[in-house]
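The values are calculated or read from the model by the stated rules, or taken from the named source; none is laboratory data. Remember, it's a predicted structure, so these values are computed and weren't measured experimentally. Virtual Cβ from ideal backbone geometry, glycine too; neighbours counted across all protein chains shown. The accessibility values were calculated without ligands, DNA or RNA, using every heavy atom of the protein model including side chains. Shrake-Rupley method; radii C 1.70, N 1.55, O 1.52, S 1.80 Å.
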Amino acid sequence: MRKLLSLALFFTTLNIYAVAPSVEGLFRNPNSQDLDGNLIVLKAMIEREATEEEYFKPSFYKFIFSIEAEQRVKFLQVEYSEGKMSNDEVVSTLFLNNFFPKVKNDELIERSLFYSLLTMYGLNSSEAISSILKRYSMNYISNKDSLNKEKLDLFDKYKKYLTAVKENEDIKEELTSPLEGEDEEAKKKIQEIRSSSMYSENKALKLVKEGRNFFLNLDLGGVSAKFTNEEHRLVRMKVSKGTSDVESFFSDYILFNGRHELPKHIMIKDQSNINYNVRFLGLSIFNNTGDDLAKRALRYKKIEEENLAKNPKKDLMSQEEPVANAKGQKLITQKPVLVY
């Protein structure tokens with residue numbers, strides 16, 4: 001028991017001095033509670049911003065994630081024509097047996113970012129966004145690469161010491177704990193290591209004051225972001241590729257189910273300076289005890305095909321001229337560039 005307490009104390013020492021958040025940690029939706037299920041359902045509305053000549057029909061989506069063995073994620077996307085999201089409104093479906101490779105290899109920044117944000121807020125995961133940071137920034141260093149090697153080495157020696165003593169109590173008199181040191185100089189060095197941060201200093205992350213509020217500003221050269229100081233909520237993010245930028249803004253953070261926090265509204269400006277408004281409509285988390293996601297995807301695909309048979313899509317070339325509203329704007333039905 002004493003050895004377990006010693007190891008717990010060492011872990012506590014590791015954490016006390018690792019106060020500054022890591023970049024990966026900031027992109028894990030840190031103000032939200034851990035997932036309590038393996039089937040996550042996000043509902044959202046996406047609407048392209050109107051112009052003087054045109055306004056755009058909003059699209060409604062259900063994004064379903066299934067966390068499988070070894071953290072592999074299956075994904076099902078269902079598009080609806082209306083906000084009721086009933087079966088007779090299903091217009092398209094997409095199933096991915098392995099979600100992350102698809103998103104990480106997507107060359108369209110705004111689309112890759114959108115799905116990365118879905119996993120950040122739906123799965124509390126920074127895996128997809130980290131791939132964006134690696135691809136488009138110049139100064140991103142992962143948690144793994146920024147770990148304090150001396151501190152890890154000290155912890156590893158201490159763990160081996162506790163294991164050896166547990167297996168043979170008599171050997172304790174012959175060994176010196178790696179946390180104690182054999183002389184004053186060694187003790188001083190050990191204390192310095194224990195008091196040091198778990199991660200190397202991140203110069204890309206700075207605390208700034210704007211008016212009466214403080215924010216964490218992240219500048220990785222190619223990717224920048226702003227977070228609230230206390231809650232670490234993402235407020236703004238910009239990804240640059242050459243002369244093109246994709247910007248996103250986040251507001252109205254709320255608890256959708258009393259435990260998991262999302263921004264109610266996200267605005268994403270694509271590389272053509274077109275604004276898309278994303279509004280989260282719901283978040284549900286379950287422990288899946290029924291069919292796996294592949295079987296559910298087949299059922300949704302069947303519904304999609306039945307709806308298409310009832311209402312065949314017209315040839316785009318034969319569509320009538322869109323009717324203008326009172327403002328003279330024409331209604332356009334168009335798939336958002338953010339989604340597959």
- [ ] Return a yes/no flag: does the stretch 322-337 have any residue that is buried (at least 18 other Cβ atoms within 10 Å of the Cβ), out of contact with any Lys or Arg (no Cβ under 9 Å at 6 or more places or on another chain), closer than 25 Å to F99 by Cβ and at pLDDT 95 or above.
- [x] no
Task: Of residues in the stretch 226-243 being modelled with pLDDT under 95 and either farther than 23 Å from K209 by Cβ or touching a His at 6+ places or on another chain (Cβ under 7 Å) (or both), the one surrounded by the most Cβ atoms within 10 Å (Cβ to Cβ) - done: K241
TODO: Answer yes or no as to whether S126 is touching a Phe, Trp or Tyr at 6+ places or on another chain (Cβ under 8 Å), at negative phi, among the polar types (S, T, N, Q) and crowded, with 19+ Cβ neighbours inside 10 Å.
DONE: yes
- [ ] At least 3 residues that are over 16 Å from the mean Cα position of the chain (by Cα) in each: list the helices (runs of 4 or more DSSP H) lying fully within the stretch 86-145 that qualify.
- [x] none
Open item on the list: Conditions first: (1) more than 30 Å from E247 (Cβ to Cβ); (2) open to solvent by less than 10 Å² (accessible area, probe 1.4 Å); (3) of a type in the set (S, T, Y). Y158 passes all but one, so which condition is the exception?
Closed with: (2)
